[in-house]
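A short write-up of the structure that comes next.
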Amino acid sequence: MKSTELKAFKRPDTGKANSKHMRREGKVPGVVYNNSEATHVFFDYKELKTVLYTPETYIVNLDVDGDKVSTIVRDADYHPVTERILHVEMLSVSDDKPVIVSLPVSLVGKPVGVGKGGKLLTKLRKIQVKGIPTQLPDKVEIDVSSLELGQTIKIADANITDLNIVTPQSAGVASVEIPRALRSAGAAAGGDEAEGGEEEAAAAE
């Protein structure tokens, strides 16, 4: 997994009123969980955006008032309208304890169905895996080159053998959609064939 640096600062006060005040000042309240210990902190909003507003998944090397700890983002709350970050939870990680992490999906290859006029749709942008963060890849590559028109590739079909996948095997990862124009053309062709068959039958009578 990729890593990045981020600063956090211990919160002198907690509570809803304090959290609202901090957000008005461009700060984001949060919590860092380290085993059974929870440390209330806050982040600079602009710096935190570089970690959360991205498809990438990072090991976040936190500097909390001079104390260094390696973490991952466990959860984040966003405003339902503006999508502004309201709160974030970080979980400490180590090289001897596996954790569940969401890794971005990278689709590899051009589907056969796209060459026939279909459109590739991504259904799942991240896959949950379990492992030691420093030993995990930056992304999960899935080959979609064999997908035909109307087909969907599921995790079970993706042949991911080197990772402990947590996301259900039945989850669809990507599909090749048949565009409306292509469906209409197929329906029209079918109608023409049907009409032709009726004309031939009438002539035979």
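Could you list, in sequence order, the residues of segment 78-110 that are of a type in the set (Asp, Glu) and at pLDDT below 95?
Within segment 78-110, Glu83, Asp95, Asp96 meet the criteria.
Please go through (1) open to solvent by 30 Å² or more (accessible area, probe 1.4 Å); (2) within 21 Å of Thr14 (Cα to Cα) for Ala76 and return the number of the only condition it doesn't satisfy.
Result: Ala76 fails condition (1) only.
Do any residues in segment 144-158 that are within 10 Å of Lys110 (Cα to Cα) have Cβ atoms under 8 Å from those of residues that are basic (Lys, Arg) and assigned to a loop (DSSP other than H, G, I, E, B), where the two are at least six apart or on different chains, and which pairs are they?
So the pair list comes out as Ser145/Lys110.
Modelled with pLDDT of 95 or more, within 21 Å of Thr14 (Cβ to Cβ) and touching an Asp or Glu at 6+ places or on another chain (Cβ under 7 Å), is that true of Val41?
For Val41, the condition - modelled with pLDDT of 95 or more, within 21 Å of Thr14 (Cβ to Cβ) and touching an Asp or Glu at 6+ places or on another chain (Cβ under 7 Å) - is not met.
Matching residues to (1) assigned to a strand (DSSP E or B); (2) closer than 30 Å to Glu177 by Cβ; (3) of a type in the set (A, V, I, L, M, F, W, C):
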residue	(1), (2), (3)
Asp77	yes, no, no
Glu89	yes, no, no
Pro104	yes, yes, no
Gly113	no, yes, no
Gly117	no, yes, no
Leu121	yes, yes, yes
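Hey, could you check segment 87-122 for residues that are open to solvent by 20 Å² or more (accessible area, probe 1.4 Å) and β-branched (Val, Ile, Thr) and say which is nearest to the chain's Cα centre (by Cα)?
Here the answer is Val105.
The values are calculated or read from the model by the stated rules, or taken from the named source; none is laboratory data. Just so it is clear, the structure is predicted and the values come from calculations on it, not from any experiment. Note: ideal-geometry Cβ built from the backbone for every residue, glycine included; neighbour counts use all protein chains shown. These area figures cover heavy atoms from the full protein model, side chains too; ligands, DNA and RNA do not enter into them. Shrake-Rupley method; radii C 1.70, N 1.55, O 1.52, S 1.80 Å.
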